[in-house]
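No value in this document is a laboratory result; all are computed from the given coordinates. All values reported here derive from a predicted model rather than from experimental measurement. Cβ sites come from the backbone with ideal geometry, for glycine too, and all protein chains shown count toward neighbours.
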Amino acid sequence: MPVEVAACTPSLCRWISYNLFCMLHNTERTWGAAAKSFHWLIAILILGQLGLGTIAEEARVSPLKLELFVWHKSIGLTILLLVILRVAWRLRNPPPLAPDGMATWEKRLARVSHGLLYLLMIVVPLTGWWISDTSRIPFRIYWSVPVPDLMAPNRDLMEFAASVHGVLTKFLLAIVVVHILAAFRHHFLLQNDTLLRMLPFRQDPRS
Amino acid sequence: MRVVVLTSLLIGLSLPVCADEWKSTDAGEFTFEVAFEGESITGAFTAFDVELDFDPECLDSARLRVTVDLRAADMGDPDMNDVLFDPAWFDSGQFNHAVFVSDAIAKQAPGEFIATGTLDLKGTVKIVTVPFAWTRAEDQATMQGRLILKRTEFNVGSGEWATDDAIGIDVTLDFTIPLAPKE
């Protein structure tokens, strides 16, 4: 990992067209464009999914309800794919360092809650897929891509999967709230750049 | 003597004593398939009755009557079955049965026939042609076929459902119906 950080010195960057490498990659101090894109794209999709899923669930049986569920399932699997890519990217490209002056317990807590976020961002779509898979309702991603059929339709299993999906979604929502509050705490109370460095179109002032 | 033989032969040929009377057994399969949000979904009519007066060599007196209990339509999920019951779909509470009656069966090819008749479904009566293949071995026979109906012609899936946006207009019906001689 020090290799990639070192690679992002201005002298080397000049050799790479349009600073693409540096633009995309994280540095020790800030997030790169790739990590930011993953973060905000997935954040928007997750918030949309919370609304979409609730509306689709509550709607009376109608063509609209069926359409909403196709959107909800399709976007859910899109999130799953994005999160997998995001984790792969993160493994190759370590995040910036924690801000100065953070206690060990704070760092540990941040690690745990980020770990839970990643875990839920994978497990919640998977449980959604599980509902879809055990239900009798046929499904193609965005009306075009077929999904592998893993289990036979089973009403009891489907209802169980649905309750797991519901509980985990609430859990995910709770962690998202903690995540947002923590970002505000860093920004307003501790007054460090933890929040600012994840904002889009904002480059590392030092680079 | 020669006249008598000839006369009896002629009588034998012209009298419509030819049709055998058949009835469906419990082993029949009658399924439907329809497009559903870019995929397809299937269901089955689990209670139906077929009566057939039929001899491939003597179609004049052929007669087919199919009665389907719409209340027993099954898509494998209680919620979906409830939807089938809705006034927008089968309205099975009011229209219990769909009935197809034909007394015009024509031969298409060896072993293949077309029955033209009326289908009474959800209060709408329309002329429908039903192609089927016929096989017979002793006192067992099978009729098998497939047809496509436009559900909207019979108001099945009315109102907001009457487009093919969510659920297709064309419904493919498949049937394999073993028959036994009527007692």
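Could you tell me the distance between the Cα centroids of the range B:162-183 and the range B:44-58, to the nearest Å?
Using only Cα atoms, the two centres lie 14 Å from each other.
Straight distance only, please: which lysines reach the Cα of B:Lys150 with their own Cα at less than 22 Å, same-chain residues fewer than 8 apart left out?
B:Lys122, B:Lys126
Averaged across the residues of A:139-145, what count of C-beta atoms belonging to other chains lies within 10 Å of each residue's C-beta?
Working: counts 4, 4, 1, 1, 3, 1, 1.
Mean shielding count: 2.
Mind giving me the nanometre distance, one decimal, between the label points for A:Val167 and A:Leu64, set 7 Å out from Cα along Cα→Cβ?
3.3 nm
Gap in Å between the Cα centre of the range B:67-86 and the Cα centre of the range A:57-103?
37 Å
Please arrange A:Val123, A:Val61 by counting, for each residue, the other beta carbons lying within 10 Å of its beta carbon, fewest first.
Taking fewest neighbouring Cβ atoms as first place, the list is A:Val61, A:Val123.
Pairing the Cα long axis of helix A:33-58 with the longest principal axis of chain A, what angle in degrees results, from 0 to 90 and rounded to the nearest 10?
Compared with the principal axis, the helix lies near 20 degrees.
Looking only at other chains, what is the average number of their beta-carbon atoms within 10 angstrom of each beta-carbon in B:33-40?
Details: counts 0, 0, 1, 7, 11, 10, 8, 1.
Across the residues of B:33-40, the mean count of other-chain Cβ atoms within 10 Å is 5.
Output the Kirkwood hydrodynamic radius of the range B:18-181, Cα pairs only, in Å rounded to one decimal.
Values: mean 1/r = 0.0609 Å⁻¹.
Its Kirkwood hydrodynamic radius stands at 16.4 Å.
In nanometres, what is the gap between the two model label sites at A:Asn192 and A:Tyr142, each 7 Å from Cα along Cα-to-Cβ?
Going by the 7 Å Cα→Cβ label model, 3.9 nm.
What's the exposure ranking of A:Glu58, B:Glu153, B:Glu183, going from fewest to most Cβ atoms within 10 Å? It would help to have the intermediate numbers written out before the result.
On the way: A:Glu58 9, B:Glu153 13, B:Glu183 5.
Starting with the residue having the fewest Cβ neighbours, the order is B:Glu183, A:Glu58, B:Glu153.
Dipole size in debye (nearest 20) for the range B:49-183 around its Cα centre, Lys and Arg Cβ +1, Asp and Glu Cβ -1?
On the way: 11 positive and 25 negative charges, 78 e Å.
Roughly 380 debye, rounded to the nearest 20.
Once R0 is set to 30 Å, what does the formula 1/(1 + (r/R0)^6) return for the Cβ-Cβ distance between A:Arg155 and B:Asp49, expressed as a FRET efficiency to the nearest 0.05?
On the way: r = 29 Å, r/R0 = 0.97.
About 0.55, to the nearest 0.05.
If you fit an axis through the alpha-carbon atoms of helix B:2-14 and take the longest principal axis of the Cα set of chain B, what angle between them do you get, 0 to 90°, nearest 10?
So the helix axis and the longest Cα principal axis differ by about 0 degrees.
Which value results when the Cα radius of gyration for the range A:28-198 is divided by 2.2 N^0.38 Å? Each step should come with its number before you reach the end.
Details: Rg = 18.2 Å, N = 171, 2.2 N^0.38 = 15.5 Å.
Output field value: 1.17.
Using 1/(1 + (r/R0)^6) with R0 = 41 angstrom and r between the beta carbons of B:Asp139 and B:Asp170, what's the FRET efficiency to the nearest 0.05? Spell out each step's value before the answer.
Values: r = 37 Å, r/R0 = 0.89.
My answer for the efficiency is 0.65.
Give me the one-decimal nm value for the distance between modelled label points at B:Ser158 and B:Asp74, 7 Å along each residue's Cα-to-Cβ direction.
Taking the two extended label points, one gets 2.8 nm.
Quick one: which residues, 5+ away or cross-chain, put their amide H under 5 Å from the amide H of A:Tyr142? H built at 1.01 Å from N.
Here A:Ser74 satisfy the definition.
For chain A, what does -39500 (n - 2.57) per DSSP helix run (n ≥ 4), summed and divided by total residues, give at 222 nm, in deg cm²/dmol to the nearest 500?
Numbers: 7 runs with 132 residues, N = 207.
Value at 222 nm, helices only: -22000 deg cm²/dmol.
Could you pull the Cα extents of the range A:18-63 along its three principal axes, largest to smallest, in whole Å?
Largest to smallest, the principal-axis extents are 52, 20, 7 Å.
What list of ³J(HN,Hα) values in whole Hz, one per residue of the range B:156-161 in order, does the Karplus curve 6.51 cos²θ - 1.76 cosθ + 1.60 (θ = phi - 60°) give from phi, with Gly and Pro shown as x?
8, x, 9, x, 5, 8
Multiplying the sequence separation of A:Ser113 and A:Met23 by 0.36 nm and subtracting their Cα-Cα distance, what value in nm do you get?
On the way: separation 90, 0.36 × 90 = 32.40 nm, distance 2.71 nm.
Extra length available between A:Ser113 and A:Met23 comes to 29.7 nm.
Could you list which residues have their amide H under 5 Å from that of B:Phe48, counting only those 5 or more apart in sequence or on another chain, with H placed in the peptide plane?
Answer set, sorted by chain and number: B:Asp69.
A:Ile44 to A:Ala88: extension gain in nm, 0.36 nm per residue of separation minus the Cα-Cα distance?
Values: separation 44, 0.36 × 44 = 15.84 nm, distance 2.03 nm.
Gain in length upon complete extension: 13.8 nm.
Once you have a ≥ b ≥ c as the square roots of the Cα gyration tensor eigenvalues for the protein assembly as shown, tell me rounded if a/c is under 1.5, and otherwise prolate or oblate according to whether a/b is larger than b/c. Write down the numbers at each step before the final one.
Working: a/c = 4.22, a/b = 3.29, b/c = 1.28.
Note, shape of the protein assembly as shown comes out prolate.
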